[in-house]
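Down below is the structure, laid out as structure tokens.
What follows is calculated from the coordinates using simple rules that are stated; it is not laboratory data. Given the structure is predicted, the values throughout are model-derived calculations rather than measurements. Note that we place each Cβ from the backbone using ideal geometry, even for glycine, and neighbour counts take in every protein chain shown.
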């Protein structure tokens, strides 16, 4: 059986949370579709800039492409691209404004005790 480097990396990242599921193509397709439907909407992006440097900023989804999506940060007036796989591996958390508040695009992983 052939495993790509991405699949192994995803599996390892998820295993640290106690989840051994692999990421499948339809998971990525679902994320692409959901983000594509939300172009122009406000989001909150949470991630890490490296060692102990987390960030959380408000942005707007600008464009989608086959492998990436582009967001525009209001505060900095800059465009930044992210991979859909960043969301699936939980390297990046995206919460979408639904009119009342922000809801996570995909639920966060729960650590096993």
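Once both labels are positioned 7 Å from their Cα atoms along Cα-to-Cβ, the gap between residue 65 and residue 48 label points is 2.6 nm.
Working ranking of peptides 53-65, 84-96 by packing, defined as the average number of other Cβ atoms within 10 Å per residue, highest first, is 84-96, 53-65. Using the Cβ-Cβ distance between residue 76 and residue 30 with R0 set to 41 Å, the FRET efficiency from 1/(1 + (r/R0)^6) comes to roughly 0.90.
Ordered by the number of other Cβ atoms lying within 10 Å of each residue's own Cβ, fewest first, 32, 38 fall into the sequence 32, 38.
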